[in-house]
Structure formats: C-alpha cells, structure tokens
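The values are calculated or read from the model by the stated rules, or taken from the named source; none is laboratory data. Just so you know, these numbers come straight off a predicted model, no measurement behind them. When we count neighbours, we look across all protein chains shown, and the Cβ atoms used for this are built from the backbone with ideal geometry, even at glycine. The accessibility values were calculated without ligands, DNA or RNA, using every heavy atom of the protein model including side chains. Shrake-Rupley method; radii C 1.70, N 1.55, O 1.52, S 1.80 Å.
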Amino acid sequence: MTASPVPTSDLHAYVDGELPAARHAEVATWLDEHPEERLRVESWRKQKDDLRRLFDPVLDEPLPDRLTALASELPPARAKPWSIFSARSPRFLQRLAAGLAIAFVSGASGWLAHDLYHPPVHLAQLSQFPRQAAIAHAVFSPDIRRPVEISAEHEDQLITWLSKRLGAPIRAPRLAKLGYELIGGRLLPGDNGPVAQFMYQDASGERLTLYVGTENTNNRDTAFRFAQEGAVNVFYWIDGKFGYAISAGVPKDALARVATAVYEQFQHE
Amino acid sequence: MDSLAILAVLPRLRRYARALVGNREAADDLVQDTLERAWTRLSQWQAGSDLRAWLFSIMHNLRIDQMRRPAPPMASFEDEAIDLPVRATQSDRIEVSDLGAALAALPEEQRAVVLLVAIEDMSYAEVAATLDIPLGTVMSRLARGRERLRQILENRVPPVQLKIVR
C-alpha cells in the first residue's frame, strides 16, 4: 500500500507530531513494514524523552536570588537606560509607562517605529559623522567656562554666522518643552567643510549637543539611527543636504524624544 | 510583561539555558543577561503576545552575540566540568550523563533546535520564529542533530551513507 519511501524529514515530523493525521497514519503503516526505520524513529523518540528527563530537574531547583530579583525589576545599579525616571513611584510601573510612551511616540511617527530601536551599531562600522558628533560633544560639553563660541544671548548673530559658513540657512531648534534651553553654539571642522554645533542644557546641568553638517554628498535621506561612543549616546539622520546628530549622556529613550522633536521642527519649516 | 509572568517562565528559561550551555553558572548568566535585555527592550514587547517566545528569542540573540565576540581566555570546554542535573537512579545516571556529553558535542545551532523541540516541546514553526530561521532550516538542523546524537551515543563514527537498493 505504501510503496513510496518516506523522506527522513517526514520521519522526524512523525516523531514530533507535526504531520497531518492522514499522513501520520500513512507513515505509521510504512514503518510497520520497515523495521529498521522504525528502530531509528524509536531511538529519536527515546532521545527526546531522555533529554526531557535529563533537564526537567532544573525546573524544580530553587531559583537563584539574582534571577528572581530581575523578574520584578532591573536592579538600580544596572538600570541605566531607565534612570531618567527617579524613584518617585514603583519603578516597575514607571518603566511600563515609559515603554508605553515610547510605543506611542513610535506609533505617532511611523518612520520612527522601524528604525528607532534597531540594536546599537558600533560607530566604527558607520560613517565618521556620528562619531565626530560624539567626540565634539565629549570635548565641549564638559567645559564650564567656555562651552560655546557664541552664547544664546546673541542667537541672531550665531545663526547668521553659522548659516553663512555652512552655506545654507540653519537655525537652533526649540527644546524648552523637553527641558533643554539653548546655551549657544560654535563652528567646527567636518569632513566636508564647516559643521555647526548647538549646545543645550537642562535644569540639572545635563548638556546635549546638536551637530549639523552639510555632509550629505552621496547619502540619501535616512531614518533615525542610533550609535554610542562610550558614555555618549547619539541619534543621527540625514535629511536633504544636512546631516544631524544629537549627542548626550542621557538614556536612549530620553534622547529619542529630543531627536524626534528636532526632526519634527526641521520638517515643519 | 509583569513579574509573575516572568517568574513563571524563569524555570523554563533556566532549563533551556542549562541544556544549551551545559555549565550551571554560565547558563544562569545567560538567563540574567536575557532578563536585563528584556527590561531594556520592554517597549518592543507587545502586551498579550507570548512572553516565553519573546524571552527565548532574546536569549537566542544574546547567545549569537556571545559567540561572535572573540572568546575571553578560558579553559576549553572539554576540561570544564559539565554541571548536569542527574536523576537518582544509578543506572540511569550513567546513560544520562552520556547524553549530556553527547549533547555538548553537537554544533550549537543543531543543539538549539533539538532542545527546543525536545524539552520545550515547540512546534517547528515556533522554533523557526524563536531562532529567526526558515522552517526548512529547522528541519534540517533537527535531522542532523538527532542523527549525530544517536551516532555519538551508539559510539559510532559517522557511517558512510549507504543507500539500500531493493
């Protein structure tokens, strides 16, 4: 009745209950007529049982404390990505809220959903642009006395000067809603000419920098990309002829909100 | 993702990690890394979806990352005591330890598929989704892994494939 040979893949599927009922019955009949194949199939079945018997005792072992602790929350010492939410209410709920907030932001701007949470790529693998932004951030942002060349008091002059040097009109985005005020900016050398750096600061003194270059000679527009260089997180993207990079030592999700705000402001010009 | 749900999956994560990695400490390290990464990627988890599948995928990706990284100086795997749980029965114990050693001799990509099907009782489709590989790859790794295990346990060198012609 069952003359045609049964492929090995079907024999495995037979053992694992993956075959439709009719085919299962067919294979069973075929195995009755092929005792050596039946032995093989039985040995796989036994192997499966043995593996379960071998490792099932792990299920009954007491759980190590370090793991049960992690079931309820990320320990504070390793809670870096979420540390922006201080311990005002149970940390778990805050984290949940943060997750939802990010999901909402991602949903609201569809292009973000795809690329925002790609795994961080080490900067060395990418263009020099985000790396230079991170370095410029690391060099200038800790400076107490002279973080910028032209301060925000003279924002008009700063914008005129930087626009002229970059050869295209640029402006400093408003980030006050996110708690960041412009301190000022400076001109820096980039690979393809002058680059502008705007520096912002929040009430706690945390600084972030926006690095804007006219670096886009070959590249097309990109969605957000994320990179990190040491303690500095960077979101960057290319839009038209400008390349933008937002750098700060703040957690990725907080930085993502800033990047979103900057992107949207430049979109609505 | 809530604590109770994680606690419920935790023993299974440990069981699979132990089977995959062999060594108890290293396996629990892997589970710890998995949970930490899960917390930082909470936004990617869709409420109501299968938490077990999500955590197993994270563990799998971590494992890939680990294996891509150059290995730190350490004792070779063969020298390391493989910390396997053992059943009480003396006669079974020998047999079962053999199985653990044979398992360790499998390439990890085959070991993962064999274990997910055997101890996690996943369907081929679930394995494919968890490991992010095509269904056909699941089936070929499963077939090769099982045959290899069988051969090791029967203490045979891989035989030349002879076709019986009737």
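Legend: mean number of C-beta atoms from other chains within 10 angstrom of residue C-beta atoms, peptide B:34-47, equals 6. Candidates A:A69, A:H34, A:L59 compared by Cα position along the dipole of the range A:25-69: farthest toward the positive end lies A:A69, with charges placed on Cβ. Each peptide in A:157-166, B:35-44 was scored by the mean count of other Cβ atoms within 10 Å over its residues; highest first, the order is B:35-44, A:157-166. Summed over both chains, the accessible area lost when B and A associate is about 4500 Å², using a 1.4 Å probe.
Against the criterion of solvent-accessible heavy-atom surface with a 1.4 angstrom probe, B:I64, A:I238, B:I6 sort, most first, into B:I64, A:I238, B:I6.
Per-residue mean of foreign Cβ neighbours for B:4-16 is 4 (Cβ atoms of other chains, 10 Å radius). Taking the 1.4 Å solvent-accessible surface of the range A:8-58 as the whole, the part contributed by carbon and sulfur is 56%. With a 10 Å cut-off around each Cβ of A:13-24, the average count of Cβ atoms from other chains is 2.
Taking Lys and Arg as +1 and Asp and Glu as -1, the other residues whose beta-carbon sits under 9 Å from that of A:V6 total -3. Protection proxy ranking for B:22-33, A:13-24, using the average of other Cβ atoms within 10 Å per residue and placing the highest first: B:22-33, A:13-24.
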